[in-house]
Amino acid sequence: MIEIIPAIDIIEGKCVRLTKGDYGSVRQYDADPVDMVKRYVDSGFTRIHTVDLDGARQSAPCNLRVLERMALVDNAKIEWGGGLKTEQALKDSQNAGASFLVIGSLAVKSPALFAEWLMKYGAESMVLGADADKDGRVAVNGWEEKSDYTIGKLIEKFLPEGLTQVIATDISCDGMLQGPSFELYKSLMSAYPGVIFTASGGISCMEDIERLEKDGMLRVIVGKAIYENRITLRELEKFSLMNN
């Protein structure tokens, strides 16, 4: 069964969503991040994908106090990313309660350091965040810069160090509510069968999730569709491991 990972994006301690990673498209929601974590856990979803968007832009975590409060929710396992560019930032995030750490920009700009972290902290807690633009190039620094890597080439750099978890995002789909990049995920799963991929971006309805599951996807992040009431938590509960 595919694992649903609800998403929370944070700016200045508030829940927000962007469109295509554009900070100029910020939409703020009334929900408090901690309240959202409680809602998700109560519905049976314990792994919560959280992005510190302030941190992503400033290259250092900015919402660690929010993370601390989120991590205190019983059974919550916070998957945390945004601004993790130094080992101190990594440790601070772990100390604040992050169970999983998503590394994006640093893996591109300092691959040797990310490889070191994979071996030191373990592949079970380290997640590669690979966000590609419409040309297939991985974007970094809050999606404001493009690199020369494709998702595949980036993955291949870290397989020798034991990489097992990758969140793959098609930026052109993110926040658009027009469906995810099904073919991208099928090709990645075929090319790298030892990697657990998480689909991210574009989820608009239950049919999207059901199609990903049929294709063999093991995890999917659902964000804006929940906030915009395109998908309800009650509908998602059939995928909850705690309710099956």
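The values are calculated or read from the model by the stated rules, or taken from the named source; none is laboratory data. A quick note: this is a predicted structure, and the numbers were derived from the prediction, not measured. Reconstructed Cβ throughout: ideal geometry from the backbone, glycine too, with neighbour counts over all protein chains shown. All accessible areas refer to the heavy atoms of the entire protein, side chains included, with ligands and DNA or RNA removed. Shrake-Rupley method; radii C 1.70, N 1.55, O 1.52, S 1.80 Å.
Considering only residues in segment 104-154 that are assigned to a loop (DSSP other than H, G, I, E, B) and among the acidic types (Asp, Glu), the one that is nearest to Trp80 (Cα to Cα) turns out to be Glu124. Any idea which of Leu101, Leu106, Leu118 is free of Cβ contacts under 8 Å to residues at least 24 places away in the same chain, within 18 Å of the chain's Cα centre (by Cα) and over 14 Å from Phe197 (Cα atoms)? After applying the criteria, what remains is Leu106. Would you please name the residue that is farthest from Tyr40 (Cα to Cα), looking only at residues in segment 70-103 that are assigned to a loop (DSSP other than H, G, I, E, B) and β-branched (Val, Ile, Thr)? Selected residue: Thr86. Entry remark, segment 155-170: residues being within 19 Å of the chain's Cα centre (by Cα) and either free of Cβ contacts under 8 Å to residues at least 24 places away in the same chain or part of a loop (DSSP other than H, G, I, E, B) (or both) number 2 in total. Scan segment 196-236 for residues that are open to solvent by 60 Å² or more (accessible area, probe 1.4 Å) and either in contact with a helix residue (DSSP H, G or I) (Cβ under 6 Å, 6 or more places away or on another chain) or more than 17 Å from Tyr40 (Cα to Cα) (or both) and the total you get is 7. Applying the selection to segment 34-58, what residues are in a helix (DSSP H, G or I) and of a type in the set (Lys, Arg)? Lys38, Arg39, Arg57 - these are the residues of segment 34-58 that are in a helix (DSSP H, G or I) and of a type in the set (Lys, Arg).
Just one of (1) more than 30 Å from Glu116 (Cβ to Cβ); (2) at pLDDT 95 or above fails for Ala199. It is (1).
Could you tell me which residue of segment 167-195 is modelled with the highest pLDDT, considering only residues that are under 24 Å from Ile231 (Cα atoms) and among the β-branched types (Val, Ile, Thr)? Result: Ile167.
Taken as a whole, the condition of being outside any helix (DSSP H, G or I), over 18 Å from the mean Cα position of the chain (by Cα) and under 24 Å from Ile203 (Cβ atoms) does not apply to Val16.
Residues checked against (1) among the hydrophobic types (A, V, I, L, M, F, W, C); (2) open to solvent by 20 Å² or more (accessible area, probe 1.4 Å):
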{"position": "Leu18", "(1), (2)": "yes, no"}
{"position": "Pro61", "(1), (2)": "no, yes"}
{"position": "Ala71", "(1), (2)": "yes, yes"}
{"position": "Asp74", "(1), (2)": "no, yes"}
{"position": "Lys77", "(1), (2)": "no, yes"}
{"position": "Leu84", "(1), (2)": "yes, no"}
{"position": "Glu87", "(1), (2)": "no, yes"}
{"position": "Gly97", "(1), (2)": "no, yes"}
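Is it true that some residue in segment 142-149 is under 21 Å from Gly55 (Cα atoms), of a type in the set (S, T, N, Q), at pLDDT below 90 and open to solvent by less than 30 Å² (accessible area, probe 1.4 Å)? Yes, that holds for at least one residue.
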